[in-house]
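Heads up: the structure comes next, in structure tokens.
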Amino acid sequence: MDRSIFTLGGAAWINLVNTVNRYNKQKNDFLTDPALASQWLEANQLLPSSAFPLEPSLLQALTAELASLRELCQQIISELQSAGGDGQLSEQVVAALRVRIGQLSISASLIEEEGRISIAYEGQSMTDRVMHRILHSVTDTLHKVSADRIRKCEHEECILHFVDTSKSGKRRWCSMELCGNRHKAAEFYAKKKQKHV
């Protein structure tokens, strides 16, 4: 499996939504497979490389939390893309985000880089660290990106989402390699078939 599928969404929270996907016409959930879940965490840089391999019990607890957070992230995407929606989140979803953020145990530390100082915030436990990074990704994306730039891939068999960062704002596919080329090939064969009829 091409590991780039783990990061096609362009933001950690959308990549979390994309952990449920279709591959070879079968619905898959990366979080139910310990090896894929671990690869997904690593590809999204949610834990330090020294944390791998994760203890099976820790990975199981973490994936359970991720599956729960994924439901909220899916609800956010659904509300942003609802027909006639204005790109705003409902009070329910905002309240759910507040609760999730309130459950985190966060520590702050001073960072010095090239003569400049800043404050870094991290979760105190491994689970808090991952949840903090994903929740920060949600708020950061919603703050910086217009709701109409958060899209579902246009390929009829694909269920992946992505942030359109293209200059023109007309990106259609989660990936040109995965879905764009499949669409072009299908169009080509349909035209070819039509000519021979």
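The values are calculated or read from the model by the stated rules, or taken from the named source; none is laboratory data. Computed from a prediction, not measured in an experiment: that's the story for all the values here. Here the Cβ positions follow ideal geometry from the backbone for every residue, glycine too, while neighbour counts run over all protein chains shown.
Please specify each residue of region 66-91 satisfying the condition of being exposed (fewer than 10 other Cβ atoms within 10 Å of the Cβ) and either in contact with a helix residue (DSSP H, G or I) (Cβ under 9 Å, 6 or more places away or on another chain) or over 21 Å from residue 143 (Cβ atoms) (or both). Within region 66-91, 83, 84, 86 meet the criteria. Applying the condition of being without any contact (Cβ under 8 Å) to a residue 40 or more places away in the chain and touching a His at 6+ places or on another chain (Cβ under 6 Å) to region 117-173 and asking which residue is surrounded by the most Cβ atoms within 10 Å (Cβ to Cβ) yields 155. With respect to the conditions (1) touching a residue at least 60 places away in the same chain (Cβ under 8 Å); (2) in a helix (DSSP H, G or I); (3) under 21 Å from residue 145 (Cβ atoms), residue 70 lacks only one, and its number is (1). Report, by residue number, each residue of region 28-48 that is touching a Leu at 6+ places or on another chain (Cβ under 7 Å), assigned to a helix (DSSP H, G or I) and buried (at least 16 other Cβ atoms within 10 Å of the Cβ). Within region 28-48, 30, 31, 37, 38, 41 qualify.
Every condition in (1) assigned to a helix (DSSP H, G or I); (2) exposed (fewer than 14 other Cβ atoms within 10 Å of the Cβ) holds for residue 22 except the one numbered (1).
Results for (1) over 21 Å from residue 19 (Cα atoms); (2) at pLDDT 95 or above; (3) in contact with a Gly (Cβ under 9 Å, 6 or more places away or on another chain); (4) of a type in the set (Gly, Ala, Ser), shown as yes or no for each residue.
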| site | (1), (2), (3), (4) |
| --- | --- |
| 61 | no, yes, no, yes |
| 65 | no, yes, no, no |
| 75 | no, yes, no, no |
| 89 | yes, no, no, no |
| 93 | no, yes, no, no |
| 99 | yes, yes, no, no |
| 111 | yes, no, no, no |
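Cβ separations smaller than 9 Å between residues 6+ apart or across chains give the following pairs from region 20-40 residues that are under 13 Å from residue 66 (Cα atoms) and modelled with pLDDT of 90 or more to residues that are surrounded by 14 or more Cβ atoms within 10 Å (Cβ to Cβ) and of a type in the set (Lys, Arg): 20/70; 31/70.
Let's see how each residue does on (1) part of a helix (DSSP H, G or I); (2) closer than 28 Å to residue 20 by Cα; (3) modelled with pLDDT of 95 or more:
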site: 121; (1), (2), (3): no, no, no
site: 129; (1), (2), (3): yes, yes, yes
site: 140; (1), (2), (3): yes, yes, yes
site: 159; (1), (2), (3): no, yes, no
site: 170; (1), (2), (3): no, yes, no
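Screening residue 95 with (1) surrounded by fewer than 17 Cβ atoms within 10 Å (Cβ to Cβ); (2) in contact with a Ser or Thr (Cβ under 8 Å, 6 or more places away or on another chain) gives one miss only, at (2). Based on this model, can you work out whether residue 110 counts as of a type in the set (A, V, I, L, M) and surrounded by 10 or more Cβ atoms within 10 Å (Cβ to Cβ)? No: the conditions fail for residue 110. Scanning region 56-65 for residues that are surrounded by 11 or more Cβ atoms within 10 Å (Cβ to Cβ) and free of Cβ contacts under 8 Å to residues at least 12 places away in the same chain gives a single hit, 64.
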